[in-house]
Amino acid sequence: MVSIDGVGVEFGGTTLFNNISFVVNPTDRIALMGKNGAGKSTLLKIIAGERKPTHGAVSKQGDTVIAYLPQHLLTEDNRTVFNEASQAFAEVLSMQAKLDELNEQLTVRTDYESDDYLDIIEQVSHLSEKLYSMGELNFDGDIEKILLGLGFVRSDFDRPTGDFSGGWRMRIELAKILLRKPDLILLDEPTNHLDIESVQWLEDFLISSGKAVILISHDRKFVDNITNRTVELTMGKIYDYKVNFTRYQELRQERREQQQRAYDEQRKMIAENKEFIERFKGTYSKTHQVQSRVKMLEKLEIIEVDEVDTSRLKLRFPPAPRSGSYPVIADEVAKSYDNHLVFSGAKFTIERGEKVAFVGKNGEGKSTMIKAIMKEIEHNGEINIGHNVHIGYFAQNAASMLDEELSVFETIDNIAVGEIRTKVKDILGGFMFGGEDIDKKVKVLSGGERSRLAMVKLLLEPYNLLILDEPTNHLDMKSKEVLKQALENYDGTLILVSHDRYFLDGLVTKVYEFGNKQVKEHLEGIEEFLQKKKMANLTELEKKR
């Protein structure tokens with residue numbers, strides 16, 4: 001269906017990747033994996049036709065339609081949400097208008113034998129065939145179904161897109177892509193701006209649509225549930241596995257172990273030959289053998305071992321000072337903004353050492369409740385913070401609190417104490433700060449880099465209540481593993497707002513669901529909660545019939 005042939009990208013004398021070739025088949029759902037900077041997003045843009053490769057080409061069969069959702073949107077407009085989503089059908093509507101115009105010409109023209117008349121008949125035939133192949137389209141119904149699935153409510157449909165944040169605008173763009181029903185969907189981090197329910201809906205949609213997908217995502221559960229093939233981009237080349245992500249990881253580890261054995265054997269062979277050359281290079285009787293070995297070493301292709309997986313890094317929080325038995329008690333808490341009620345009657349108690357999740361659709365009050373706990377906003381009802389509670393709070397603005405004049409290394413070294421000081425470079429490496437990155441000043445870091453650095457800083461300070469609001473948005477899978485392992489071993493109390501199910505699974509033992517102006521307590525982990533929710537939703541659907 002789509003063929004990537006010998007594609008390579010070079011810039012500034014550096015090769016990003018070279019001679020990349022693989023074929024995308026109609027039912028492939030591919031996870032495109034690789035560390036940050038390997039060139040995944042660049043490769044996706046090349047397949048989408050938004051960037052030209054230095055060499056090689058991308059070809060597609062016939063009328064194959066490719067749709068691409070980038071990480072960041074650059075466009076703005078003043079259409080309503082519904083009208084912007086309907087732009088997905090702009091091409092179809094244009095074709096229909098053209099067909100109507102041509103048919104109108106056929107009714108008024110009388111030059112039946114002319115080339116122009118025959119050309120119009122040919123165009124009508126071609127457009128009619130194309131529209132027929134698309135099937136019957138229910139524009140309004142399809143638009144409503146997709147927008148509701150992605151978390152919009154009907155009252156949003158007539159609001160201008162300019163009223164919405166970047167995350168919601170990304171959903172509108174995703175809606176347009178899904179409505180086009182392309183043959184190949186390219187998605188670059190699509191879950192970063194979706195809540196858990198919208199992620200589940202997107203999963204079901206992509207699986208049931210039967211369309212080909214190439215996906216870049218750090219949401220492991222999402223990747224595992226959707227994909228049936230994994231293409232890894234590493235060290236400028238690809239490895240193609242016909243398996244999902246979890247099985248790929250096992251096979252990748254086996255491959256790396258084989259590479260390491262071959263590498264070690266080759267190093268031993270090189271050392272032995274160099275020793276022979278040094279020992280006998282002045283010996284006449286061994287001249288031919290020495291020259292032969294020199295030539296062999298010159299032509300030898302050095303075996304490379306894939307990048308080391310830093311997810312094995314063990315990172316532990318400092319011991320949490322002992323707090324009172326109940327770090328957070330909420331009693332009849334309510335919050336409104338003007339005439340908009342966010343939630344009311346919220347009552348819950350979080351005990352010392354508990355790890356809980358705040359979940360629910362965007363806009364239902366998760367972050368608002370955290371701000372109330374942090375005493376950043378006024379509210380009705382009471383929130384009591386327990387004895388000797390020291391709160392560590394990670395929000396999206398945590399990055400703005402860093403000292404811009406310090407380097408990455410200094411930021412962490414200044415707060416690290418004890419044995420952890422010897423591991424600062426390893427810890428930074430686990431969060432994608434490697435090599436020369438650790439010497440960069442904070443002021444030159446991107447927003448994502450600052451967020452990661454703020455997270456590392458939080459990990460090393462002695463808090464006994466951690467409140468983390470979407471901590472994984474700027475982390476790759478390896479960094480998430482490091483953070484999750486550290487939080488599993490954390491002996492303090494934890495409140496997590498996250499849409500990343502894999503990250504929450506096995507980490508939290510209680511879920512607080514925000515929705516319908518209420519906060520409901522569920523005494524179970526995230527997977528049990530989601531299974532129950534799906535059953536509850538099915539029951540509600542049955543009742544409506």
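The values are calculated or read from the model by the stated rules, or taken from the named source; none is laboratory data. All values reported here derive from a predicted model rather than from experimental measurement. Quick reminder, even Gly has a Cβ in these numbers, built from the backbone with ideal geometry, and neighbours come from all protein chains shown. SASA here: full protein model, heavy atoms, side chains in, ligands and nucleic acids out. Shrake-Rupley method; radii C 1.70, N 1.55, O 1.52, S 1.80 Å.
Estimate the FRET efficiency between Gln531 and Asn18 by the formula 1/(1 + (r/R0)^6), using the beta-carbon distance for r and 51 Å for R0, to the nearest 0.05.
0.65
Rounded to the nearest percent, how much of the accessible area of the range 439-518 (1.4 Å probe, protein heavy atoms only) is carbon and sulfur?
Answer for the range 439-518: carbon and sulfur cover 43 percent of the accessible area.
Based on the mean of other beta carbon atoms within 10 Å per residue, what is the order of 241-249, 482-490, most packed first? Could the numbers behind the result be given before it?
On the way: 241-249: 16.9, 482-490: 18.7.
Descending mean neighbour count gives 482-490, 241-249.
Which order do the peptides 168-180, 263-275 take when ranked by the mean count of other beta-carbon atoms within 10 Å per residue, highest first?
Top of the packing list down: 168-180, 263-275.
If you work out log10 I(q)/I(0) by the Debye sum over Cα atoms at q = 0.08, 0.12 Å⁻¹ from the coordinates, which of [x] -0.67, -1.29; [y] -0.73, -1.18; [z] -0.57, -1.23 do you get?
Evaluating log10 I(q)/I(0) by the Debye sum over Cα atoms at q = 0.08, 0.12 Å⁻¹ on these atoms matches [x].
Which of Phe358, Leu187, Ala175 sits closest to the plus end of the dipole of the chain, meaning its Cα is farthest towards the positive end, when Lys and Arg get +1 and Asp and Glu get -1 on the C-beta?
Most positive-ward Cα: Phe358.
Show that you can apply the helix-only estimate: for the chain, add -39,500 (n - 2.57) for every DSSP H stretch of four or more residues, divide by all residues, and state [θ] at 222 nm to the nearest 500.
-12500 deg cm²/dmol
List the pair-distance distribution P(r) of the range 214-338, using every Cα-Cα distance, as the percent of pairs falling in each 5 Å bin from 0 up to the bin containing the longest distance, rounded to whole percents.
Over the range 214-338, the share of Cα pairs per 5 Å bin runs 2, 7, 11, 11, 9, 8, 8, 8, 8, 8, 6, 4, 2, 2, 2, 2, 1, 1, 0, 0 percent.
If you add up the charges near Lys347, with Lys and Arg at +1 and Asp and Glu at -1, over every other residue whose beta carbon is less than 11 angstrom from its beta carbon, what do you get? Each step should come with its number before you reach the end.
Details: positive: Lys520; negative: Asp331, Glu332, Glu382, Glu521.
In short, -3.
Can you tell me the accessible area per residue over the range 173-213, all protein chains present, probe 1.4 angstrom, in square angstrom?
With the other protein chains kept in place, the range 173-213 gives 28 Å² per residue.
If the convex hull of the alpha-carbon atoms of the range 413-468 is projected onto planes in all directions, what is the mean projected area in square nanometres? Walk me through the numbers on the way to the answer.
On the way: hull surface 17.4 nm².
Seen from a random direction, the Cα hull of the range 413-468 projects 4.4 nm² on average.
So if I take the centroid of the Cα atoms in the range 374-442 and the same for the range 265-285, what is the distance between those two points in Å?
Rounded to whole Å, the Cα centres lie 52 Å apart.
Given 25 °C and 0.890 mPa s, how large is the Stokes-Einstein diffusion coefficient of the range 368-447 in µm²/s, with Rh as the Kirkwood radius over Cα pairs?
For these conditions, the coefficient is 160 µm²/s.
About the Cα centre of the chain, what is the dipole size in debye to 20, counting +1 per Lys and Arg Cβ and -1 per Asp and Glu Cβ, all else neutral?
Using Cβ point charges on Lys, Arg, Asp and Glu, the chain gives about 2200 debye.
How much of the accessible area of the range 181-323, probe 1.4 Å, is carbon plus sulfur, in whole percent?
50 percent
For a quick check of your reading of the filter: which GluC sites (Glu not before Pro) in the range 367-433 sit in a DSSP loop and have no more than 10 other Cβ atoms within 10 Å?
Glu378, Glu405
Could you go through the range 92-105 in sequence order and give the Karplus-derived ³J(HN,Hα) for each residue, using 6.51 cos²θ - 1.76 cosθ + 1.60 with θ = phi - 60°, rounded to whole Hz, and x for Gly and Pro?
Calculated HN-Hα couplings, in order: 5, 4, 5, 5, 5, 5, 5, 4, 4, 5, 5, 5, 4, 4 Hz.
Between Glu405 and Asp63, what is the spin-label point distance in nm, taking each point 7 Å from the Cα along the Cα→C-beta axis?
It is 6.5 nm.
Sort 452-464, 86-98, 492-504 for me by packing, meaning the mean count of neighbouring Cβ atoms within 10 Å per residue, highest on top.
In decreasing order of mean packing, 452-464, 86-98, 492-504 become 492-504, 452-464, 86-98.
Any idea what % of Cα-Cα pairs in the range 403-533 are farther than 27 Å?
Everything past 27 Å amounts to 27 percent.
Can you figure out the FRET efficiency of Glu10 with Ile303, using R₀ = 25 Å and their beta-carbon distance, to the nearest 0.05?
Approximately 0.60, to the nearest 0.05.
Just how large is the dipole of the range 391-439 about the Cα centre, in debye to the nearest 20, putting +1 at every Lys and Arg Cβ and -1 at every Asp and Glu Cβ?
Taking the Cα centre of the range 391-439 as origin, the dipole is about 280 debye.
Can you check what the net charge comes to around His379, using other residues whose Cβ is under 13 Å from the Cβ of His379 (Lys, Arg +1; Asp, Glu -1)? Display every interim value, and only then the final one.
Working: positive: Lys335, Lys371, Lys375; negative: Asp331, Glu332, Glu376, Glu378, Glu382.
That works out to -2.
Work out Dmax and Rg for the range 94-251 from the C-alpha atoms and quote the Rg first, both in angstrom.
Just the Cα atoms of the range 94-251 yield Rg and Dmax of 21.9, 71 Å.
Just to be sure I understand the model, the point goes 7 Å from the Cα along the line to the Cβ. What's the resulting Thr246 to Asn228 distance in nm?
Distance between the two pseudo-spin positions: 1.8 nm.
I want the local charge near Tyr502. Using Cβ-Cβ distances under 9 Å, sum +1 for each Lys or Arg and -1 for each Asp or Glu among the other residues.
Working: positive: Arg220, Lys221, Lys480, Lys484, Arg501; negative: Asp219, Asp224, Asp500, Asp505.
Taking every other residue near Tyr502 into account, the sum is +1.
For the range 104-197, compute Rg over Rh where Rg is the Cα radius of gyration and Rh is the Kirkwood radius from the inverse mean 1/r over Cα pairs.
My calculation puts Rg/Rh at 1.21.
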